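**Student:** I am attaching a structure below and will ask some questions about it afterwards.
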Amino acid sequence: MKILQNPDFLIDDDINQSNIKSLSGMIESGKLAHAFLFYGNNIEPLFKIALEFAASINCKDNGCGECLICKNTLKGVYPNVMIVEPEGNIMRIEEIIEVQKFMGLTSYNPGKKICIIKESELMNQEAANRLLKTLEDPPDDNSVFVLLTEDISAMLPTVTSRCLTYGWNLRFEENKPDKNDFGIIDKYLNEGIKNILVNAAEGDSEGDSTIISLNLTLKILGVLKRMEAAFKADMEKELSQIRSSDFDKSYINKYINILKSKYKRKAGKFHSLAMSRIFDIISAWLEDIIAVGYGAQQEGLNYKENFSFIRKNIKNVKIEKIFKLVKLIEENRIYLNYSINSELALDNIFLQFQDIYE
Ligand SMILES: [Zn+2]
């Protein structure tokens with residue numbers, strides 16, 4: 001068992017080591033349970049562990065990492081391994097019916113039939129009940145289920161209790177583009193807001209403030225686009241790996257569709273997250289301006305470092321206008337999932353900053 005031994009995305013601690021020991025032991029003895037549940041703080045490394053586990057189960061050398069079974073399982077294209085993930089924000093019964101069909105089929109390839117279910121907490125009740133039946137009464141001894149979740153508290157206890165459960169301590173990925181670039185968005189946003197506020201406060205011609213607002217929107221959208229392009233590049237890389245594999249065309253097409261919907265979901269989630277963070281920062285600024293307006297001291301602020309800036313630069317604001325702006329932001333949160341609307345909303349919010357002074 002080589003590939004499961006020391007994955008670099010795991011923290012080297014007792015919990016992970018004992019998980020690996022337990023799983024390796026089962027693989028070597030050939031006495032596998034039917035259902036496993038892996039949980040941890042990041043779904044992608046959890047998925048990697050699941051693939052390494054699946055490869056180790058079917059590889060003749062218990063996970064050499066070199067044979068065709070290992071290589072293709074790790075790529076997610078071994079025909080004995082089915083990967084399931086929710087189409088939208090929910091996993092429906094139709095997807096579980098597909099799982100049951102797959103697990104009921106006779107396998108023409110060596111090894112067990114393994115079904116990996118990502119984000120399994122997103123199963124709705126109906127889907128979970130259906131899966132439960134299969135977990136209680138698997139189609140044959142060759143079936144192995146590996147459920148993955150970032151949030152074990154959201155899982156149905158009836159499902160959890162059917163699985164051997166393993167919690168993993170995962171490293172956060174340092175070079176994820178979103179993690180780095182969120183910092184860039186924060187920086188642009190904080191600088192931009194200061195700029196707009198100073199400009200508007202100085203009573204500059206309205207034209208200037210408008211240009212500053214529009215530029216800030218463009219700058220932030222530019223960062224978002226770059227980050228989304230990074231997701232797309234990841235997808236293209238995975239797609240070309242799959243296209244160049246030597247599997248049956250129908251399998252390849254199936255996985256291409258799975259991948260595409262995965263990235264679509266990922267990009268959507270990311271966009272909502274980023275917009276939500278942007279709105280949070282703007283709201284925090286407005287709250288701080290209101291607080292200083294009412295005489296709050298530095299300790300009472302969201303951004304303590306902005307206290308002297310606000311006290312010095314933000315005079316003569318109409319508090320009721322700021323409240324109006326806060327309300328506008330809350331209303332716009334509804335549109336977080338629709339990218340065009342959220343961009344327009346952002347623009348609109350920045351433009352309103354010009355109007356907060358007496
Ligand atoms: Zn192998």
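The values are calculated or read from the model by the stated rules, or taken from the named source; none is laboratory data. Owing to the predicted nature of the structure, the values given are computational and were not obtained by experimental measurement. Positions of Cβ are generated from backbone atoms using ideal geometry, with glycine treated the same way; all protein chains shown enter the neighbour counts.
**Student:** Which numbered condition in (1) more than 13 Å from the ligand (Cβ to nearest atom); (2) touching a Leu at 6+ places or on another chain (Cβ under 6 Å); (3) not in a loop (DSSP other than H, G, I, E, B) is the only one that Glu44 fails?
**Tutor:** Of everything listed in (1) more than 13 Å from the ligand (Cβ to nearest atom); (2) touching a Leu at 6+ places or on another chain (Cβ under 6 Å); (3) not in a loop (DSSP other than H, G, I, E, B), Glu44 misses just condition (2).
One line per residue, one yes/no per condition, for (1) at pLDDT below 85; (2) in the same structural domain as Lys225 (by TED's automatic domain parsing); (3) closer than 29 Å to Leu273 by Cβ; (4) not in a helix (DSSP H, G or I):
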position	(1), (2), (3), (4)
Asn306	no, yes, yes, no
Arg311	no, yes, no, no
Ile322	no, yes, yes, no
Lys327	no, yes, yes, no
Tyr335	yes, yes, yes, no
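**Student:** Does Lys21 meet the test of being among the basic types (Lys, Arg) and within 13 Å of the ligand (Cβ to nearest atom)?
**Tutor:** Considered against the rule, which asks whether it is among the basic types (Lys, Arg) and within 13 Å of the ligand (Cβ to nearest atom), Lys21 comes out as no.
**Student:** Tell me which of these Met82 doesn't satisfy, since it passes every other one: (1) within 16 Å of the ligand (Cβ to nearest atom); (2) part of a strand (DSSP E or B).
**Tutor:** With (1) within 16 Å of the ligand (Cβ to nearest atom); (2) part of a strand (DSSP E or B) applied to Met82, the lone miss is (1).
**Student:** Still on this structure, please answer the following. Is there a residue being modelled with pLDDT of 90 or more, away from the ligand (no atom under 16 Å from the Cβ) and in a loop (DSSP other than H, G, I, E, B) anywhere in the stretch 108-118?
**Tutor:** Yes, the stretch 108-118 contains a residue that is modelled with pLDDT of 90 or more, away from the ligand (no atom under 16 Å from the Cβ) and in a loop (DSSP other than H, G, I, E, B).
**Student:** Is it true that Ile96 is buried (at least 16 other Cβ atoms within 10 Å of the Cβ), hydrophobic (A, V, I, L, M, F, W, C) and either within 11 Å of the ligand (Cβ to nearest atom) or assigned by TED's automatic domain parsing to the domain that holds Ala267 (or both)?
**Tutor:** So Ile96 fails the test.
**Student:** Here is a follow-up. Return the residue satisfying two criteria in turn: it lies in the stretch 144-170 and is part of a loop (DSSP other than H, G, I, E, B) and over 15 Å from the mean Cα position of the chain (by Cα), and of such residues it is surrounded by the fewest Cβ atoms within 10 Å (Cβ to Cβ).
**Tutor:** So the residue we want is Ser161.
**Student:** What pairs come up if the first residue lies in the stretch 281-300 and is free of Cβ contacts under 8 Å to residues at least 12 places away in the same chain, the second is of a type in the set (Phe, Trp, Tyr), and their beta carbons are under 6 Å apart, counting only those six or more places apart or on different chains?
**Tutor:** Gln298/Phe307
**Student:** All but one of (1) at pLDDT below 85; (2) within 14 Å of the ligand (Cβ to nearest atom) hold for Asn89; which doesn't?
**Tutor:** (2)
**Student:** Which of the residues spanning the stretch 225-242 are in contact (Cβ under 8 Å) with a residue 24 or more places away in the chain, closer than 20 Å to His271 by Cα and not aliphatic (A, V, I, L, M)?
**Tutor:** Of everything in the stretch 225-242, those that are in contact (Cβ under 8 Å) with a residue 24 or more places away in the chain, closer than 20 Å to His271 by Cα and not aliphatic (A, V, I, L, M) turn out to be Arg226, Glu228, Phe231, Lys232, Asp234.
**Student:** I'd like the full set of residues that are within 8 Å of the ligand (Cβ to nearest atom) and either closer than 23 Å to Ala128 by Cβ or among the aliphatic types (A, V, I, L, M) (or both), limited to the stretch 47-67.
**Tutor:** Within the stretch 47-67, just Ala55 meets the criteria.
**Student:** Same structure, new question: Mind checking which pairs have a first residue in the stretch 208-224 that is assigned by TED's automatic domain parsing to the domain that holds Leu197 and a second that is in a helix (DSSP H, G or I) and among the polar types (S, T, N, Q), Cβ under 7 Å, 6 or more apart or different chains?
**Tutor:** Asp208/Asn199; Ser209/Asn199; Ser209/Gln354; Ile212/Asn195; Ile212/Asn199
**Student:** Can you pull out the residues in the stretch 1-30 that are in contact with a helix residue (DSSP H, G or I) (Cβ under 7 Å, 6 or more places away or on another chain), assigned to a loop (DSSP other than H, G, I, E, B) and in contact (Cβ under 8 Å) with a residue 60 or more places away in the chain?
**Tutor:** Within the stretch 1-30, Met1, Ile3, Phe9 qualify.
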